[in-house]
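Coordinate-derived values only; no laboratory data. All figures in this text were calculated on a predicted structure; none of them were measured in a lab. Note that we place each Cβ from the backbone using ideal geometry, even for glycine, and neighbour counts take in every protein chain shown.
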Amino acid sequence: MQPLPTQDFRSYASVVGQHASHVEQDDATLAQRITSAAPERDAAAESELCRRFAPRIRLYGRRHLRSDAAAEDLAQDVLILTLQKLRAGAVREPERLASFILGTCRQVVIDGKRSAMRRERLLDTFSLDLSGVVEEAVEPLDTQRLQKCLERLPERERAVLVMTFYDDRPADAVGRELGITPANVRVIRHRGIERLRGCMQSGKDAS
């Protein structure tokens with residue numbers, strides 16, 4: 001196979017470069033069309049964005065979530081978030097739309113893992129002691145009672161528990177927020193947990 005003459009090679013490289021630039025510009029144009037149409041919708045542009053990026057998001061999801069169903073959910077969540085941001089004009093660099101979507105994928109996956117961890121911690125902390133009870137007879141956690149018990153806690157105990165289990169903050173961060181030491185945070189947290197556990201087991205309001 002004969003090598004391309006220098007002039008032909010430069011021409012070929014120029015065409016390839018123009019093509020890459022065109023694809024990137026297409027992403028930017030697509031993003032700008034969606035933003036400019038707001039509060040109306042450019043259905044064609046939105047459909048093209050979903051067609052173009054959904055396979056990439058699913059691939060990312062399969063690699064990081066190890067589940068086709070989770071990858072499909074990720075694609076839907078990320079595309080919805082992306083369209084919302086574009087309609088609101090919140091994507092500052094539309095020419096970097098692909099990078100924005102990748103960053104959104106990462107954040108959604110991280111947030112999902114954090115939420116799962118918080119749910120596990122709450123269930124481990126507040127679930128009733130059901131040892132010896134037949135598994136089929138186990139009732140789900142009474143979230144309404146838990147909410148009522150939480151509301152009845154002293155304000156500081158409630159604040160410590162909310163910041164610990166919902167905001168996922170460590171004891172030193174909670175202490176700085178409330179103006180107390182991390183050791184006091186742990187004492188208050190333990191006391192609040194005991195009140196909640198007693199309330200959940202007895203069915204009485206925390207006092």
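What the Cα convex hull of the range 60-125 gives, in volume per residue, is 93 Å³.
How much length would be gained if the chain were fully extended between residue 56 and residue 93, taking 0.36 nm per residue of separation minus their Cα-Cα distance, in nm to one decimal? Extending this stretch completely gives an extra 11.4 nm.
Label reach from residue 38 (point 7 Å along Cα→C-beta): in the range 67-110, amide nitrogens under 14 Å belong to 80-94. Compute the whole-percent fraction of alpha carbon pairs in the range 52-91 spaced more than 12 Å apart. So the portion of pairs separated by more than 12 Å is 54 percent.
In order along the range 100-108, phi translates into HN-Hα couplings of 4, 5, 4, x, 5, 4, 4, 5, 5 Hz, rounded to whole numbers, per the Karplus curve 6.51 cos²θ - 1.76 cosθ + 1.60 with θ = phi - 60° and x for Gly and Pro.
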